Amino acid sequence: MIIRQITAFEVVVPAKPGMIQGKGIDKPLHKLPVGVKEGWTIQFDHVPFIVLKMELDAGIVGWGELYRGHNWTTVEEMAMLLLGRSIDSLSLQKLPFAYSREYDGFECAVYDAYAKAHGVRVVDLLGGPIRDKVRVGAWSSHRNLDEIGPLVAEFAEAGFDCVKFKCDLEDDVVGWCGEIREAAPAMEVILDPNERWLYPGEARKRIDGLAEIGNILCLEDPLPRWMLHEYKRLRDYGPVPIALHVSLPYILHGQRVEDAVKAIRMDAVDGFNFNGGAARFAQLAGIADAAGVPCWHGSEANLGILEARYIHSSAAAATCIWPGDTFGRLIREHDLLAEPLRIEPPYAYLPEQPGLGIVPDEDAIAHYQTSKRTFKA
């Protein structure tokens, strides 16, 4: 059970044409800086990922996927700390290095290998499944008003009953929701300004119109996160539920587990979008469960390996009942899996095989590969 080799495949997998945003719109969504480039200046499908292949001397292979925008020095140091160790000697709650954006990808590979070594699924390491399928939604970024109805009609035809839109102050979100009600009356909507509505007054103006239409499931991160007191006021102002995104990989922005505790103490939110590794997501979901509020598992429009882990985590979390951000091959050209995750909207189904229950497509990985590094014990 000794970790003998870790191979890091850097890949760039483009989105399908037209699947991110509307015609004539150019609004990059990668929120973090890349090198010297500011956040919000690079479209997310241009930023590379790393796929990890962790090989044990018993012939077991664990697969992981890092969030986009990695640091190679950190990747190498983490790999070297794991090489030569028995998989059974590792604590699944805390790997032997400091938290960073790279941490969760290595944790994913460790969980996959550990579960395979013991003949169980990753969900079993998280306490076992509460459900065998999790609700998922469709997704889009900014769109022109005349594109909303046809797009949502396609999502509804595919079986989705919820759609999430990225938006800012330039978007006519009330008009969007009106179009959605006409095109797909049963469709719920999550609006995610990513903190870009900026001012409480602007949010209240939109909430009035959205409440009248009545198809909003929740409004996620409408204002800058430091304004939690204003989240509380928005929640008290009208019937539109307010959600906070706690994304631990945004460590550069100072997001922490205690953000969820603070929001609950302030009675500021109706629910959460949580991002984090298997252990940390379980911790966050437990906080939400204890507080009696729903949550969902967010994503960074990831590939199939991390999405599989999201399904395992969501299936083990009692309060994870709002539609998650697991899109499969809806957005990107490929998920790098030999066989896609079973997603039959509005549900994604828990894989049945040991570990993550997926088989990466190594030919596809090679096709999208931009770099490769191998670390050996």
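The values are calculated or read from the model by the stated rules, or taken from the named source; none is laboratory data. Predicted model only: the values in this text are computed from it and were never measured. No Cβ is skipped: glycine too gets one built from the backbone with ideal geometry, and neighbour counts run over all protein chains shown.
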* Asked: Taking residue 341, is it without any contact (Cβ under 8 Å) to a residue 60 or more places away in the chain, closer than 24 Å to residue 116 by Cβ, touching a helix residue (DSSP H, G or I) at 6+ places or on another chain (Cβ under 7 Å) and crowded, with 21+ Cβ neighbours inside 10 Å?
  -> yes
* Looking at 105, 69, which is the one that is outside any helix (DSSP H, G or I), closer than 25 Å to residue 335 by Cβ and either within 22 Å of the chain's Cα centre (by Cα) or not assigned by TED's automatic domain parsing to the domain that holds residue 26 (or both)? -> 69
* **Filtered residues of segment 261-290 (kept if farther than 21 Å from residue 306 by Cβ, in contact with a strand residue (DSSP E or B) (Cβ under 8 Å, 6 or more places away or on another chain) and in a helix (DSSP H, G or I))** => 263
* List the number of the failed condition for residue 224; all other conditions in (1) touching a Pro at 6+ places or on another chain (Cβ under 7 Å); (2) surrounded by fewer than 18 Cβ atoms within 10 Å (Cβ to Cβ) hold. => (1)
* Asked: Which of the residues spanning segment 291-315 are within 22 Å of residue 238 (Cα to Cα) and part of a helix (DSSP H, G or I)?
  -> 291
* Structure fact -> Checked pairs for segment 189-214, first in a helix (DSSP H, G or I), second surrounded by fewer than 22 Cβ atoms within 10 Å (Cβ to Cβ) and charged (D, E, K, R), C-beta under 7 Å and 6 or more apart or across chains, list as 200/230; 200/233; 213/181
* Asked: Where residues in segment 349-370 are free of Cβ contacts under 8 Å to residues at least 40 places away in the same chain and part of a loop (DSSP other than H, G, I, E, B), which of them is surrounded by the most Cβ atoms within 10 Å (Cβ to Cβ)?
  -> 361
* Asked: Counting only residues that are of a type in the set (Gly, Ala, Ser), outside any helix (DSSP H, G or I) and either at pLDDT 95 or above or outside the structural domain of residue 291 (by TED's automatic domain parsing) (or both), how many does segment 235-260 have?
  -> 2
